[in-house]
Amino acid sequence: MPGYLGGVKPLVPPGVYTPQEDTALLADALSEEPLPPGADVLDVGTGTGALALEAARRGNRVTAVDVSWRAVWAARVNAWLAGVPVRVRHGNLFAPVRGLRFDLILANPPYVPAPPGSAQPRGTARAWDAGRDGRLVLDRICRESPALLRPGGVLLVVHSALSDPDRTLQRLRASGLKATVTRRCRIAFGPVLRERERWLRERGLLSAAEDKEELVVVRAELPL
């Protein structure tokens, strides 16, 4: 159910993204990812910390990062309430963890295309607005994440088919990673997509018959 992971409803203060179907899809991928004991895991754009908590419950050493101070404090409180250790840092994407290496990186970035002239995203909108092609943050993840992976390390990133999964695969492969789509699901349009539906259809990102959004999880591994 959206908003719940591990049977616990997280604290979600105003302006912080509520865990939804994309979070749950990425959590499913996390649950099946084999990790060495005490693996180092990074959850970038952690929001409430829901995915970081899922990783910490498995005994991993977890670092979570978010650009929003409200999200940072929410993640810290949720980790405390769940009784699991998570190191939560404030900063823009990978900036707070430069020079570190991880066995697994989790990313649920903003990925919804935004019409030209849209206001600079603020508050909760920073969790979904991602420029005209939906790749404002995705391309940075594809470019910067390989340097933070240990050999054999894995990136799991979830995003919408509206933001071009093939481009994600191409960019990750160009960086030397083995990348593939491992999960797909279709969900009803949420409020943001309903508001932008006409524009998305005019751009050809949605066909006239499409009435659901497809989400994908891309898994990319740095070869040993």
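All of the numbers you see were taken from the coordinates with simple rules; none came from a lab. This structure is a prediction, so every number in the text was calculated from the model and none was measured. Glycine also receives a Cβ, built like all others from the backbone with ideal geometry; neighbour counts cover every protein chain displayed.
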Gaussian network model of the chain, springs between alpha carbon atoms under 10 Å - residue of A114, A188, A64 with greatest fluctuation:
A188
Compute the relative contact order of the stretch 180-224 as a whole-number percentage, counting only Cα pairs closer than 8 Å that sit 6 or more residues apart in sequence.
63 percent
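Net charge near L26: determine it from the other residues with C-beta under 11 Å of the C-beta of L26, scoring Lys and Arg +1 and Asp and Glu -1.
Details: positive: R183, R219; negative: E21, D22, D28, E33, D43, E54.
Charge balance in the 11 Å sphere: -4.
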Neighbourhood net charge (14 Å Cβ-Cβ; Lys/Arg +1, Asp/Glu -1) for D103:
+1
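Could you work out the relative contact order of the stretch 21-221, using alpha carbon pairs under 8 angstrom and six or more residues apart, expressed as a whole percent?
Numbers: 393 pairs, mean separation 39.5, N = 201.
The normalised contact order for the stretch 21-221 reaches 20 percent.
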Candidates L26, L193, L138, ranked by Gaussian network fluctuation over the chain, Cα under 10 Å, top entry:
L193
In Å and on Cα atoms, what radius of gyration and Dmax does the stretch 153-212 show?
14.0, 40
Dipole magnitude of the chain, debye to nearest 20 (Cβ charges: Lys/Arg +1, Asp/Glu -1, about Cα centre)
500 debye
Among A52, A107, A208, which one moves the most in a GNM of the chain with springs linking Cα atoms closer than 10 Å?
A208
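By the scheme Lys and Arg +1, Asp and Glu -1, what is the net charge of all other residues having a beta-carbon under 11 Å from that of R183? Could the numbers behind the result be given before it?
Details: positive: R184, R219; negative: D22, D28, E32, E214.
With Lys, Arg at +1 and Asp, Glu at -1, the net is -2.
Taking the inverse of the average 1/r across all pairs of different Cα atoms in the chain, what Kirkwood radius in Å do you get? Could the numbers behind the result be given before it?
Working: mean 1/r = 0.0572 Å⁻¹.
It works out to 17.5 Å.
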So what are the ³J(HN,Hα) numbers for the stretch 53-60, from phi and the Karplus equation (6.51, -1.76, 1.60; θ = phi - 60°), rounded to whole Hz, Gly and Pro as x?
5, 4, 5, 5, 5, 8, x, 7
For the stretch 3-117, report the convex hull volume of the alpha-carbon atoms normalised per residue, in Å³, without decimals.
111 Å³
